[in-house]
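The values are calculated or read from the model by the stated rules, or taken from the named source; none is laboratory data. Computed from a predicted structure; not experimentally measured. Because the Cβ atoms are built from the backbone with ideal geometry, glycine has one as well, and the counts that use them run over all protein chains shown. SASA here: full protein model, heavy atoms, side chains in, ligands and nucleic acids out. Shrake-Rupley method; radii C 1.70, N 1.55, O 1.52, S 1.80 Å.
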Amino acid sequence: MLKGKKIVLGITGSIAAYKSCYIIRGLIKAGAEVQVVITPSGKEFITPITLSTLTQKPVVSEFFSQRDGTWNSHVKLGLWADAMLIAPCTASTLGKMANGVADNMLVTTYLSMKAPVFIAPAMDLDMYQHPTTQQNMNRLRSFGNQIIEPQSGFLASGLEGKGRMEEPENIVAYLDRFFENKDLQGKHILITAGPTYEKIDPVRFIGNYSSGKMGFALAEECERRGAEVTLIAGPVSMKCSAGIHRIDIESCEEMYNAATTHFAHADAAILCAAVADFRPEDIASEKIKRGEDDLTIRLKPTHDIASRLGQMKKQGQVLVGFALETNDEVVNAQKKLQKKNLDFIVLNSLQHEGTCFQSNDNQISILSSNGQVDFDKKPKDEVAKDIVDELVKRL
């Protein structure tokens, strides 16, 4: 998706500046045209000749590069670009951008930029955690800039913590996703994912084998296609894109409260979570000890989130459910489709080996009032595309 795109790459005075070479290589390999703008301190870490060799363009650093009356126009760069990426971006440059301190070519270009701006911070962990830095990043987000969050890892100071610039290949992939099909632009999609845990006592719970992989793949696909995504995630170890609004929950009660709150403002909801249908009637305050008699746990139903959202659904909203059946699969899925007022339902089957729980693959059928469409087994990120394609038709 980067083919033919014009990217202004801003480089600041960080030890991570050497990684900009890999960013340039990745962007050019993807078909983009790259113009580097570097701060004076950035040239202390990497030379313009290296950057110019990679981009096949002169590097812009000063307002006036010669004494013959020619000058570098930040306005033209702002009009030329399809996107601006500042990577690495130091705490100093973050502060200047957030407060309009236009004392170098990079910040001046930023202030003139008409295209979307992406910022990949890089600094030591204490600088990153400082309230000033956090405030500056929040202010830049409020301007519409996208922050590519740094990662935790080994830092140049010898310490370990958050502040390490995201890896070049991930930064390039982030930009590539931005330019993908945006048929969900302006839409707010609510997604539930993973299992719920219903406590028996402080150390035990009722749950299931859901890994959250399908729900997270759906969240990533919706975000790639321009949607504002709210992901309500059960207790899983998976990570998601920084642009996704993630709400971590544990129980059905918590998922119910979050889902009913956020569905009111959503254009669609995809209910992919494997929510426990029952929870213990009483939760022991202390660990239950092994005894001579059999242990009896009385259960009561949890909230039916799909039914409640089906009751709440307003004209124009789309509600998508999931069904995992072990027998009479299509019949049971059709009943659920009608009963819960869903627009379509995604049927999983345990009969398909190597799919469903914990697997990287899935094989689904989509059922609606228009009939049934069966799909081949494929990776869950590809399955997510099939499901979102169906969602887009209805939105």
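Just a few scattered comments:
- Going through (1) under 18 Å from residue 195 (Cα atoms); (2) outside any helix (DSSP H, G or I); (3) open to solvent by 40 Å² or more (accessible area, probe 1.4 Å); (4) not hydroxyl-bearing (Ser, Thr, Tyr) one by one, residue 254 falls short only on (2).
- Residue 122 vs. criteria buried (at least 23 other Cβ atoms within 10 Å of the Cβ), more than 16 Å from residue 141 (Cα to Cα) and touching a Cys at 6+ places or on another chain (Cβ under 7 Å): yes
- Considering residues of the stretch 116-155 that are in contact with a helix residue (DSSP H, G or I) (Cβ under 6 Å, 6 or more places away or on another chain) and in a loop (DSSP other than H, G, I, E, B) only, the residue modelled with the lowest pLDDT: 148
Matching residues to (1) farther than 18 Å from residue 116 by Cβ; (2) buried (at least 23 other Cβ atoms within 10 Å of the Cβ):
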| position | (1), (2) |
| --- | --- |
| 3 | no, no |
| 12 | yes, yes |
| 22 | yes, no |
| 30 | no, no |
| 51 | yes, yes |
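- Within the set 314, 300, 378, 339, the sole residue that is free of Cβ contacts under 8 Å to residues at least 12 places away in the same chain, basic (Lys, Arg) and surrounded by fewer than 18 Cβ atoms within 10 Å (Cβ to Cβ) turns out to be 314.
- Of all the residues in the stretch 317-327, those that are over 20 Å from residue 375 (Cβ atoms) and open to solvent by 40 Å² or more (accessible area, probe 1.4 Å) number 1.
- Test: residue in the stretch 77-90 that is farther than 16 Å from residue 34 by Cα, free of Cβ contacts under 8 Å to residues at least 24 places away in the same chain and out of contact with any Phe, Trp or Tyr (no Cβ under 6 Å at 6 or more places or on another chain): no
- Among the criteria (1) among the polar types (S, T, N, Q); (2) surrounded by 17 or more Cβ atoms within 10 Å (Cβ to Cβ); (3) closer than 18 Å to residue 208 by Cα, the one residue 241 does not fulfil is (3).
- Verdict on residue 174 being in contact with a Phe, Trp or Tyr (Cβ under 9 Å, 6 or more places away or on another chain) and of a type in the set (Phe, Trp, Tyr): yes
- Matching residues in the stretch 286-297 - criterion: being basic (Lys, Arg) and either within 12 Å of residue 257 (Cα to Cα) or surrounded by 10 or more Cβ atoms within 10 Å (Cβ to Cβ) (or both): 287
- Residues satisfying the stated conditions in the stretch 15-45, i.e. among the polar types (S, T, N, Q) and either in a helix (DSSP H, G or I) or within 26 Å of the chain's Cα centre (by Cα) (or both): 20
- Residue 366 vs. criteria in contact with a strand residue (DSSP E or B) (Cβ under 6 Å, 6 or more places away or on another chain), under 24 Å from residue 209 (Cα atoms) and surrounded by fewer than 14 Cβ atoms within 10 Å (Cβ to Cβ): no
- Residues of the stretch 180-236 classified as farther than 15 Å from residue 385 by Cβ, outside any strand (DSSP E or B) and open to solvent by 10 Å² or more (accessible area, probe 1.4 Å), total: 13
- Considering residues of the stretch 257-279 that are in a helix (DSSP H, G or I) and open to solvent by 20 Å² or more (accessible area, probe 1.4 Å) only, the residue nearest to residue 337 (Cα to Cα): 260
- Condition met for residue 176 (in a helix (DSSP H, G or I), modelled with pLDDT under 95 and over 13 Å from the mean Cα position of the chain (by Cα)): yes
- Qualifying residue in the stretch 99-106 (condition: open to solvent by less than 70 Å² (accessible area, probe 1.4 Å), not aliphatic (A, V, I, L, M) and not in a helix (DSSP H, G or I)): yes
- Exactly one residue out of 192, 196, 133 is hydroxyl-bearing (Ser, Thr, Tyr), more than 17 Å from the chain's Cα centre (by Cα) and closer than 30 Å to residue 305 by Cβ, and it is 196.
- Restricting attention to the stretch 156-173, the residues that are among the polar types (S, T, N, Q) and either outside any helix (DSSP H, G or I) or open to solvent by less than 20 Å² (accessible area, probe 1.4 Å) (or both) add up to 1.
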